[in-house]
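Any read-out appearing in this document is the output of simple, stated calculations on the displayed coordinates, not a laboratory observation. As the structure is a prediction and not an experimental result, all values here were calculated from the model. Counting neighbours? That spans all protein chains shown, and the Cβs are built from the backbone with ideal geometry, glycine included.
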Amino acid sequence: MKRFILSLFSLFAIVALQSQSLELYHDDILLNPNDTIFVEVTPDVMDQQMVKVKNTANESKSVKIKKYELYLNGDAEVTFCWLECYPSSTMLSPDAIEIESGGVDESFASDFLTNDKGISYVLYTFFDENDETDSVSLYFVYDCPISSIASVENTYKLSAYPNPAKNKISFNYSVNQDKDVFLRVYSITGQLLYQESLGYSKKDVTTLNLDGWDSGIYIYSLEYDNQKIVSKKFIVTQ
């Protein structure tokens, strides 16, 4: 479902109020206030963008984040991490991170997933919870130039149940090509936690024991030749 969250007037008001002791870095490059990052995404493959936050003030700052889904195309979903990783419905981080004077925090990640062709716009505002006018904003423009291709969807299918899961989770997959495919599970920050070779099996179910896994969001995918074919998310609740 397509939707607009902010009017241009309210968006201008947010940007106009900003002063700045916070700096943002993407790929270790200092961003200008209200900079825009353009990202080309692939259908059904989770995209993750990491941003560092630096406090240039002479005192520590307790930093929170607001997310504004300015426009989401089709079934696009965007989530973010800040101390913890939050569901897509979270627009304001429940948690603040204390950044010392001159300190840098690397906790922020923006995750985007869609299977529809089109462009989506997301705004993040980083602010001092004790002085919301001390803030800096960053725009993401996500461009998905192609839709999920029917032949690809018919070739590779993947689902997980139950989701959310507690003690164990089962992955139901279907692969209609003669390729050595892997099932891999990652943390939300991209750390590989589990992998299993599915060989050349066409259709099957495999189960993963979740004892000892922390509560949170995880990414699971079908891959071959180290390329993600299908990528989705599941939640663990302990």
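Between Glu129 and Asp75, what length in nm is gained on full extension when 0.36 nm per residue of separation is reduced by their alpha carbon distance? If you can, show how the numbers build up before the last one.
Numbers: separation 54, 0.36 × 54 = 19.44 nm, distance 3.18 nm.
Using 0.36 nm per residue and subtracting the Cα-Cα distance, I get 16.3 nm.
Ordered by residue, what ³J(HN,Hα) values in Hz, to whole numbers, does the range 129-144 give under the Karplus form 6.51 cos²θ - 1.76 cosθ + 1.60, where θ = phi - 60° and Gly and Pro are x?
5, 8, 7, 5, 6, 8, 8, 8, 10, 9, 9, 10, 10, 9, 10, 9
Considering amide H positions built from the backbone, and no H for Pro or chain starts, which residues 5 or more places from Ala57, or on another chain, come under 5 Å of its amide H?
Gly102
Using Cβ counts within 10 Å as a stand-in for footprinting exposure, how do Ser137, Ser174 rank, fewest first? Walk me through the intermediate numbers first.
On the way: Ser137 21, Ser174 15.
Final ranking by Cβ density, sparse to dense: Ser174, Ser137.
Can you tell me how much longer the chain between Thr237 and Lys117 gets when fully stretched, taken as 0.36 nm per residue apart minus their C-alpha distance, in nm with one decimal? If you can, show how the numbers build up before the last one.
Values: separation 120, 0.36 × 120 = 43.20 nm, distance 3.26 nm.
In short, 39.9 nm is gained.
What number, rounded to the nearest 500 deg cm²/dmol, is the helix-based mean residue ellipticity at 222 nm of the chain, given -39500 (n - 2.57) per DSSP H run of at least four residues and division by all its residues?
Values: 2 runs with 15 residues, N = 238.
Calculated mean residue ellipticity at 222 nm is -1500 deg cm²/dmol.
Can you return the lysines within cross-link range of Lys61? Criterion is Cα-Cα under 16 Å, with same-chain partners fewer than 8 residues away left out.
Output for Lys61: Lys52.
Using a Förster distance of 25 angstrom, determine the FRET efficiency expected from the C-beta separation of Asn209 and Val141, and round it to 0.05.
Values: r = 40 Å, r/R0 = 1.61.
For Asn209 and Val141, the calculated efficiency is 0.05.
Name every cysteine in the chain that ends up alone, with no second cysteine's Cβ under 4.7 Å, or say none.
When partners are defined as cysteine Cβ atoms under 4.7 Å apart, the chain leaves Cys144 without one.
At 0.36 nm per residue, and after removing the present C-alpha to C-alpha distance, how many nm does the segment from Tyr224 to Lys166 gain when stretched out fully? Each step should come with its number before you reach the end.
Working: separation 58, 0.36 × 58 = 20.88 nm, distance 2.81 nm.
Result for the pair: 18.1 nm of gain on full extension.
Would you kindly derive the ³J(HN,Hα) couplings of the range 45-55 from the backbone phi angles with the Karplus curve 6.51 cos²θ - 1.76 cosθ + 1.60 (θ = phi - 60°), listing them in order in whole Hz, with x for Gly and Pro?
10, 5, 9, 10, 10, 9, 9, 9, 10, 10, 9
Starting from the Cα of Glu59, step 7 Å toward the Cβ, then list every residue of the range 100-133 with an amide N under 19 Å from that point.
Flagged as within label range: 100-104, 127-133.
Can you work out the Karplus-derived ³J(HN,Hα) for every residue in the range 203-215? Use 6.51 cos²θ - 1.76 cosθ + 1.60 with θ = phi - 60°, whole Hz, and x for glycine or proline.
7, 6, 10, 10, 10, 10, 6, 9, 4, x, 7, 6, 5
The range 150-236: Rg/Rh from Cα coordinates, Kirkwood Rh? Numbers along the way, then the final one.
Numbers: Rg = 12.5 Å, Rh = 13.1 Å.
Ratio of gyration radius to Kirkwood radius for the range 150-236: 0.95.
Return the long-range amide H neighbours of Lys233 (sequence gap of 5 or more, or a different chain), with a cut-off of under 5 Å between placed amide H atoms.
Correct list: Tyr220.
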